[in-house]
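The values are calculated or read from the model by the stated rules, or taken from the named source; none is laboratory data. Given the structure is predicted, the values throughout are model-derived calculations rather than measurements. When we count neighbours, we look across all protein chains shown, and the Cβ atoms used for this are built from the backbone with ideal geometry, even at glycine. For the accessible areas, the whole protein counts, side chains as well, though only heavy atoms, and no ligand, DNA or RNA atoms are used. Shrake-Rupley method; radii C 1.70, N 1.55, O 1.52, S 1.80 Å.
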Amino acid sequence: MSRIWAGIDSGKGHHHGLALDADGKTLLTRRVANNEPALLKLIGDVLDLADGRQVTWAIDMTGGEPALLLALLINHGQEVLYMPGRLVNRASDGYRGEGKTDARDAYVIADQARMRRDLRPIRPGDEAAIELKLLTGRRSDLVEDRTRVVNSLRGTLLSMFPALERALEVTNSGPLRLLTGYQTPTAIRRTGVARLAKWLANRKVRSARALAETAIEAAERQHTAVPGEKTIAKLVHTLAEEAMALNEQIAEMDKLIEGRFLEHELADIVLSVPGIGIGTVLGAEFLAAIGGSLNEFDSPDALAAFAGVAPTPRDSGKVSGNLHRPIVYHRRLQRVFYTSALVSVRYDSNSRKFYDRKRAEGKKHVQAVLALARRRVNVIWALIRDRRCYEVAPPVTTAA
């Protein structure tokens, strides 16, 4: 059946749309504003050009800047394929010319969609999965911000008070609270254990006495003030408050994620899987990555390939059986499977036996965990298919 292929190069304020026929001839090329009237006109013009023929759209992003366009295409029942930007850049090298323009990128996207058969369709996820994707994405940003602030706090404190930096775990709330009030060795020594412990206890810090004794012990090891101590102390105070504020935001985000995740129909099944059930964040990231269901994946193998836990062959010439980790995969979903597999080794007897067997076969730790993660893809696939929760001993089936 003859069809038209439309490629969209996404942008913040504008997109570039280009349509090709089955022979690769350009039928339409246009820069279009990222607003509903302009996007509807583009869709209408492409459908008019199709004149009853099937239209397949291809785009280089699945959310963010082209979110409105994707919503309009899905609402109009259009088939939309996803071509990652990495593939667009690689494919561009095979086309004539070295210049890079939005129109050229849109042409490459449309032409590749016309020729390739391995591009994933973009399907609308359920409302809960969309919300979980937004919430987990925001949480990831907050965690990255906290990591940056904590690293900066460590470096700043180390330049003034190395003994205290070594003694404190500044990712915990107690040490952070301490640093909002006391930063220098002199101030901590002058306060004393009793007063410092009382100050911490009044601010609901756990194990206040032990933390105060640790700080005083560190202060007794340094009686020299470094140049710029006052300014450094102010920076430590500011960074500690920033880290505490980020901890509060992450805790609030975790509550939102937990509430939305537990409302999903697959929540109980996902939480029953060892390792994922340690909290709701991994489960929420799993549902967000798969769009709330497994409808997009024809088999466990397809899900494993998408998650990057299935090795890909790199054979050449006389070299065979050369397996490597894939390059294109969903990194957050791989993190879900790898982290949950790592945790399950400690708490699930079946996972521990599989891991020990792989280690006995000569695999390294990471290889054994990845093999377990691949095995767990099959498990969670079967659980969701059968709509049942994980059990250490699977149910016995009897022949009819």
Here are some conditions: (1) open to solvent by 50 Å² or more (accessible area, probe 1.4 Å); (2) of a type in the set (Val, Ile, Thr); (3) under 27 Å from Arg374 (Cα atoms). Ile269 meets all but one. Which one does it not meet?
(1)
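Any residue in region 219-228 that is part of a loop (DSSP other than H, G, I, E, B), open to solvent by less than 60 Å² (accessible area, probe 1.4 Å), touching a Gly at 6+ places or on another chain (Cβ under 6 Å) and not aromatic (Phe, Trp, Tyr)? Working first, answer last.
Keep residues of region 219-228 that are part of a loop (DSSP other than H, G, I, E, B), which gives 220-228.
When the remaining residues are screened for being open to solvent by less than 60 Å² (accessible area, probe 1.4 Å), the result is 222, 226, 228.
After this cut, where a residue has to be touching a Gly at 6+ places or on another chain (Cβ under 6 Å) as well, the list is none.
The answer is no, given that none of the residues of region 219-228 is part of a loop (DSSP other than H, G, I, E, B), open to solvent by less than 60 Å² (accessible area, probe 1.4 Å), touching a Gly at 6+ places or on another chain (Cβ under 6 Å) and not aromatic (Phe, Trp, Tyr).
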Residue that is most open to solvent (accessible area, probe 1.4 Å) [pool: residues in region 42-70 that are at pLDDT 90 or above and out of contact with any strand residue (DSSP E or B) (no Cβ under 8 Å at 6 or more places or on another chain)]
Asp48
Pairs, first in contact (Cβ under 8 Å) with a residue 40 or more places away in the chain in region 152-167, second of a type in the set (D, E, K, R) and surrounded by fewer than 16 Cβ atoms within 10 Å (Cβ to Cβ), C-beta under 8 Å, six or more apart
Ala163/Arg221; Ala167/Glu217
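When you go through Glu241, Glu252 one by one, which is the residue that is surrounded by fewer than 16 Cβ atoms within 10 Å (Cβ to Cβ), in contact (Cβ under 8 Å) with a residue 24 or more places away in the chain, within 28 Å of Thr147 (Cβ to Cβ) and under 34 Å from the mean Cα position of the chain (by Cα)? Break it down stepwise before answering.
Details: Glu252 fails: in contact (Cβ under 8 Å) with a residue 24 or more places away in the chain.
On inspection, the qualifying residue turns out to be Glu241.
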Do we have any residue at all in region 219-232 that's within 30 Å of Ala284 (Cβ to Cβ) and in contact (Cβ under 8 Å) with a residue 60 or more places away in the chain?
no
Within region 347-367, can one find any residue that is touching a Phe, Trp or Tyr at 6+ places or on another chain (Cβ under 8 Å) and under 30 Å from Ala129 (Cα atoms)?
no
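Matching residues to (1) more than 19 Å from the chain's Cα centre (by Cα); (2) among the aromatic types (Phe, Trp, Tyr); (3) in a loop (DSSP other than H, G, I, E, B):
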residue: Leu87; (1), (2), (3): yes, no, no
residue: Arg90; (1), (2), (3): yes, no, no
residue: Glu98; (1), (2), (3): yes, no, yes
residue: Ala103; (1), (2), (3): yes, no, no
residue: Ala110; (1), (2), (3): yes, no, no
residue: Arg117; (1), (2), (3): yes, no, yes
residue: Leu134; (1), (2), (3): no, no, no
residue: Gly137; (1), (2), (3): no, no, no
residue: Leu142; (1), (2), (3): no, no, no
If a residue has to be more than 35 Å from the chain's Cα centre (by Cα) and either crowded, with 19+ Cβ neighbours inside 10 Å or of a type in the set (Phe, Trp, Tyr) (or both) to count, how many in region 173-210 make the cut?
11
Looking for something in contact (Cβ under 8 Å) with a residue 40 or more places away in the chain and either in a helix (DSSP H, G or I) or among the aliphatic types (A, V, I, L, M) (or both) - is there at least one such residue anywhere in region 22-37?
yes
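Out of Glu131, Glu144, Glu127, which single residue is under 30 Å from Leu68 (Cβ atoms) and at pLDDT 95 or above? I'd like the intermediate steps shown before the answer.
On the way: Glu131 fails: at pLDDT 95 or above; Glu127 fails: at pLDDT 95 or above.
Among Glu131, Glu144, Glu127, only Glu144 is under 30 Å from Leu68 (Cβ atoms) and at pLDDT 95 or above.
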Of the residues in region 98-146, those that are surrounded by fewer than 19 Cβ atoms within 10 Å (Cβ to Cβ), among the hydroxyl-bearing types (Ser, Thr, Tyr) and within 30 Å of Thr171 (Cβ to Cβ) come to Ser140
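Restricting region 348-393 to residues that are of a type in the set (Ser, Thr, Tyr) and touching a helix residue (DSSP H, G or I) at 6+ places or on another chain (Cβ under 8 Å), which is most open to solvent (accessible area, probe 1.4 Å)?
Among those residues, the one meeting the criterion is Tyr390.
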